[in-house]
Amino acid sequence: MSKVILIVTDSMGVGELPDAADYGDRGADTFGHILERKKEMNIPNLRRLGIGNIQGVAWERMACPNPMGAFGKMAEISKGKDTITGHWEIAGIYTDTPFKTYPDGFPEKFIREFEKEIGTEVLGNYPASGTEIIQQLGPEHEATGKPIVYTSADSVFQIAANTEVIPLEKLYDICEKARKLLIGDVACGRVIARPYVIKDGERVRTSDRRDYAVSPPEDTVLDKVKAAGKTVYAVGKISDIFNGKGVTEAVHTSGNMDGVDKTIQAIGMDFDGLIFTNLVDFDSQYGHRRDPLGYGRCIEEFDARIPQIISAMGEDDIMIICADHGNDPVHSGFDHTREYVPVLVFGKKVKAGADLGIRKTFADIGATVADILSAEPTKIGESFKEVIL
């Protein structure tokens, strides 16, 4: 059985793109700045895969004399720097018009319509850090039952609630109502359920997050692999990002390590196809919270699991590690950064030390996946199969 294991280390950018200044991200370098702050970061497996050998990175000290994998970095051609845009480009879609954002909150007319639909007023409706807004508005929410709504620099409508006040299924229902309303003039990339609990006196978000995204406007590599009669196994929030389009099986996760566990389980299953995994903790727990040391520890935790992933792989399996955007924890603000992303490839038949250079688009991954799995080519992207095999 032949599988491609595509793992997105959510937000692990490797340096500013040429147009970063247009996005307010001049000087952003997620991985580089983490290394500056956490100087003794222990990542032997990523080093062996070639992360320090990528052209034009600022951490040559991490280079490996004899990398066991293929390595490179990729530019984003789509407009934007959000989760959906990045993942969709990886899968073969170019997004010309960025998803609409709401730096001043959502229009009053929409909010009134939404409140009418769910039968209650809401709190918030402004850009905020999710962990901070539940501390600020949590007491009023818990006293009144009014859900907390907020946004960010992404095209997102987030709804936070204490699950003792608004049970999960009701919160999900509220999000589904919002998803149906956020079209046309108030189009929005994702509605996100953000449940939390009170633990030891602190308001803590749970792993029961759920994303309600718009559907991709055209077929992606997921659809093409599925059409070829093969499995597309989505781990983490992948199915949500693609609104289930092209996915044949899906499992949600409670965090990075659970995501790695479920990826390893999928590798051992009897099918040909694509395992597409998103590891969100890098972004949600550390990038947005501007915690470079925590982010560094998170990278170390993932690095320590790479040998287990490799051990589970079959003779013809290929693992690709990449990211979907940056989220420099040293950069100003609390949002994503416009950066190159790494691409690291390993398999028993992959040429050790193959330099993939600087790829023009994230979509080269989707094109390569389609090529390896004998599926119809993606609309954009250039396969690097011949370089790595």
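The values are calculated or read from the model by the stated rules, or taken from the named source; none is laboratory data. Model, not experiment: these values are computed from the prediction. Here Cβ is always computed from backbone atoms with ideal geometry, including for glycine, and neighbour counts include all displayed protein chains. SASA here: full protein model, heavy atoms, side chains in, ligands and nucleic acids out. Shrake-Rupley method; radii C 1.70, N 1.55, O 1.52, S 1.80 Å.
Kindly list, by first and then second residue, each pair from a residue in the stretch 22-37 that is under 16 Å from residue 283 (Cβ atoms) to a residue that is open to solvent by less than 50 Å² (accessible area, probe 1.4 Å) and among the basic types (Lys, Arg), limited to pairs with Cβ atoms under 7 Å and residues at least 6 apart or on different chains.
25/338; 28/338
With respect to residue 199, is the statement that it is open to solvent by 60 Å² or more (accessible area, probe 1.4 Å) and under 28 Å from residue 249 (Cβ atoms) true?
On the way: open to solvent by 60 Å² or more (accessible area, probe 1.4 Å): yes; under 28 Å from residue 249 (Cβ atoms): no.
So residue 199 does not fit the description; no.
Would the stretch 41-60 turn up any residue that is over 20 Å from residue 357 (Cβ atoms), in contact with a helix residue (DSSP H, G or I) (Cβ under 6 Å, 6 or more places away or on another chain) and not in a loop (DSSP other than H, G, I, E, B)?
Taking the stretch 41-60 first, the residues over 20 Å from residue 357 (Cβ atoms) are 41-45.
So of that shortlist, the ones also in contact with a helix residue (DSSP H, G or I) (Cβ under 6 Å, 6 or more places away or on another chain) come out as 41-43, 45.
Still in the running and not in a loop (DSSP other than H, G, I, E, B): 45.
Yes: one or more hits.
Within the stretch 188-220, track down each residue that is over 21 Å from the mean Cα position of the chain (by Cα) and part of a loop (DSSP other than H, G, I, E, B).
200, 201
Assess whether residue 226 counts as being open to solvent by 60 Å² or more (accessible area, probe 1.4 Å), assigned to a helix (DSSP H, G or I) and among the basic types (Lys, Arg). Steps first, answer last, please.
Working: open to solvent by 60 Å² or more (accessible area, probe 1.4 Å): yes; assigned to a helix (DSSP H, G or I): yes; among the basic types (Lys, Arg): yes.
Criteria met by residue 226.
Considering only the stretch 248-273, how many residues are out of contact with any Leu (no Cβ under 6 Å at 6 or more places or on another chain) and open to solvent by less than 30 Å² (accessible area, probe 1.4 Å)?
Restricting attention to the stretch 248-273, the residues satisfying the condition of being out of contact with any Leu (no Cβ under 6 Å at 6 or more places or on another chain) are 248-255, 257-258, 260-273.
Adding the requirement that they be open to solvent by less than 30 Å² (accessible area, probe 1.4 Å) leaves 255, 260, 263, 266-267, 271, 273.
Residues flagged as out of contact with any Leu (no Cβ under 6 Å at 6 or more places or on another chain) and open to solvent by less than 30 Å² (accessible area, probe 1.4 Å) within the stretch 248-273 amount to 7.
Mind listing whichever residues of the stretch 138-161 are closer than 25 Å to residue 283 by Cβ and surrounded by fewer than 21 Cβ atoms within 10 Å (Cβ to Cβ)?
Residues of the stretch 138-161 closer than 25 Å to residue 283 by Cβ: 138, 141, 147-161.
Those that are closer than 25 Å to residue 283 by Cβ and surrounded by fewer than 21 Cβ atoms within 10 Å (Cβ to Cβ): 138, 153.
Among the helices (runs of 4 or more DSSP H) lying completely within the stretch 274-389, list those that include at least 3 residues that are surrounded by fewer than 17 Cβ atoms within 10 Å (Cβ to Cβ) and not basic (Lys, Arg).
Values: elements: 292-312, 363-372, 385-388.
Hits in the stretch 274-389: 292-312.
Could you give me the residue pairs with C-beta distances under 6 Å whose first residue belongs to the stretch 172-196 and is open to solvent by 40 Å² or more (accessible area, probe 1.4 Å), whose second residue is at pLDDT 95 or above and among the acidic types (Asp, Glu) wherever it lies, and which are 6+ apart or on separate chains?
Going by the 6 Å Cβ cut-off, the qualifying pairs are 177/117.
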